[in-house]
Amino acid sequence: MNFEGKVAVVTGAATGIGEATAHLLAERGAAVLVTDIDDDGGKQVAAAITEAGGRAACTSSSSATFTCW
């Protein structure tokens, strides 16, 4: 599946399944917003995606802090 021109927001992306998902989406062309309560881990994931030629940014957040829930 091709995600060129799409933006993906991946929560819990500093480790595990979230990290793997962020990398996979970036490899398939998506610009990825990496979000996690672990800000340093999220920054590392975003940096790794960028270093591999993808587009990524990081923000620290938790789904528990979203006011729309």
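Couple of notes before you dig in:
- Carbon/sulfur fraction of accessible area - region 1-41, other protein chains in place, 1.4 Å, %: 57
- A 1.4 Å probe run over the protein chains yields, for the chain, 63 Å² of accessible area per residue, whole-number rounding.
- Once the Kirkwood radius over Cα pairs is known for the chain, the Stokes-Einstein relation at 25 °C and 0.890 mPa s delivers a diffusion coefficient of 211 µm²/s.
- Under the combined filter of DSSP loop state and at most 16 neighbouring Cβ atoms within 10 Å, region 10-65 retains none of its GluC sites (Glu not before Pro).
The values are calculated or read from the model by the stated rules, or taken from the named source; none is laboratory data. Because the structure is a prediction, the values reported are computed rather than measured. So basically every Cβ, Gly included, is an ideal-geometry build from the backbone, and we count neighbours across all protein chains shown. All accessible areas refer to the heavy atoms of the entire protein, side chains included, with ligands and DNA or RNA removed. Shrake-Rupley method; radii C 1.70, N 1.55, O 1.52, S 1.80 Å.
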